[in-house]
Amino acid sequence: MYIEYCTPQPALNYVPSFSQKLAQETAGYHRPSYLIRTFDWKRVSGKEAKEGYCALSYCWEQSGKIIPIESGDYTCIDVPGHTMKTFGSIPYSDLPNGLAPNEEQNVTYEGLLKRICQDFKIRYLWYDKICINQMGKEEKQREIKQMHLIYSSACYTVAMIPEVSIASLWDLGWQKSLSKVIAGAEQKVYEQVQKSLWWKRSWTLEELMMSDNILIVGRNAHLWACKGNFWTGFAPRTTNYFIAHMLGYKYQEVKSANMVLHHAHFRTSAKEHDKIFALANILNEVVPFTIDYSCNFSTMLRSFYRQLAKQDLTVMCFGSAAGFEHQSTMASYSLPSWTGVAGLHAKYPVANTLLEPNGSHYYIDDHLRLHITCRFFTIRPTKYEENRQPKDTMDHLKMKLTSNTYYNRSIGRCYDAPGWSQWHMERFTGCNATHFCNVLSKRLRRTRKASPLSLTEDCEECIIPAVLFDVASSFFSITGLYAALDSYLSHGYVLPVLKKLTSGSQRYKAIGFILLDQYDDYGVLFRKDPHIFLNNTFNSICGDQPLKEFIIE
């Protein structure tokens, strides 16, 4: 597959001297074994780049001619076929669409990269085709293990996404204000990036999440995105939140596995093993994993999720994928329900994962079944009717009473404010609410609000175990070219939802989660303790209920 690159290009969110400042930032400590010195395009030792380097992120299918080989795999040959259009001086309010180029050339992919390095003054570039010996098995595996370090230590990552193409800055609000141009351009780029081949690949997900800063190079325009610390309240230096919250995952103060799985379960790769290797590289601090292409994929897949769940139970923090535009690429594998491959994981970090300190515990057996011992209560959720708000009656919202359900008759009527529960579910988790119920607990603050659920399937009676995920997300006020520092944290208290598989058995299936409560953290005086919330909620509903073991398949 061949692509087109127009030069020079306008920056869609350009800030004076922004690219120069970014390029001058101190790079990480790691240096790849080899880099390309761009002025003569020679492969040199990585140690030569004392002032830093840039890393390339791209889809190999877009880098040349695809040729099948005997093993059943494919290789990509870099031959002339890519189009490079060179224009003269372009007014900043125009784009190189209706203008006739001064020169048009058919070039190799390396030819395009040479021009990009010249345009953005890149002195050293990491490009895997040249910097890794593709025929050396041991060297290739060694370098793959280091890829998370390569991208996290780069000054910035150059993402080649030829699907990004802007017709006219005037269409984005150029005639009104520069801030409207930025907002319109980033929204347009976001839509195009999500539909691109680059967005769908497992390796490019790792490259994105390990990078601190990224330069999106499109067909005729480019855009910068830089990380923001979504826990400390440090806002991204652009308003590009859709990528900013993914950047710099390695250095985020609060990170959890669900943030990665939210994206990873919808990615593809040329080889099945690469789906796990890319995940293992991102989560290398949580799951030490050996990369070996000779290992049976099914065995390796099950081993990875076993290790992940032992270290980070947020693998269970998932809801429905309804409304999500991509299809899960992991749902076809025979994995337990608690891995969340049938749903969509929460988008934002889980600050705390809590079990009650009363003997509650969990473990994974030899058959990859998750055993959780804890208190619980049951609910009977109601499905949201399409394009219709739930009825404003207690009969419609209340849970049918079971032995583990508390009901306060003094409440009278219970209602769901228009869109309230759906909006809060999406706000805290990135998942759509599919059902609702009213968890009638004396201790809960929102006794007059319906609690939203996001479920992968319908369930007449659901089990809510005493496992709490404290999902934290940051919100910023936007002013001008930069995000203002006026920010605050919001916390959502999310609990997993189980469904009994067979009447009379102790086997269960994980089918999503429920949002029980939320609060905005404006400081110490407004802060809630999730331990107290969990304990009070289950004391109110369950009383002195003994612990029960749930076997989740």
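The values are calculated or read from the model by the stated rules, or taken from the named source; none is laboratory data. For clarity, every value in this text was computed on a predicted model and none was experimentally measured. Here Cβ is always computed from backbone atoms with ideal geometry, including for glycine, and neighbour counts include all displayed protein chains. Note: areas computed on protein heavy atoms with side chains; ligands, DNA, RNA excluded. Shrake-Rupley method; radii C 1.70, N 1.55, O 1.52, S 1.80 Å.
Couple of notes before you dig in:
- With all protein chains modelled, accessible area of residue 78 [1.4 Å, Å²]: 50 Å²
- Taking all protein chains together and a 1.4 Å probe, the residues 60, 423, 199 rank 423, 60, 199 from largest to smallest accessible area.
- Ordering 329, 7 by accessible surface, largest first, gives 329, 7; the 1.4 Å probe counts only protein heavy atoms, with every chain in place.
- Of the whole protein surface, residue 43 contributes about 110 Å² of accessible area at a 1.4 Å probe radius.
- Heavy atoms of residue 540: accessible area, 1.4 Å probe, square angstrom to 10: 30 Å²
- Cross-link pairs 65/129; 114/140; 129/310; 140/275; 129/271 - those with Cα-Cα distance over 26 Å: 129/310
- Note on exposure: 532, 216 ranked by accessible area (1.4 Å probe, complete protein assembly) read 532, 216, with the most exposed listed first.
- Cleavage-rule hits, chymotrypsin sites (Phe, Trp or Tyr not before Pro), region 247-333, DSSP coil, Cβ neighbours within 10 Å at most 16: 293, 324, 333
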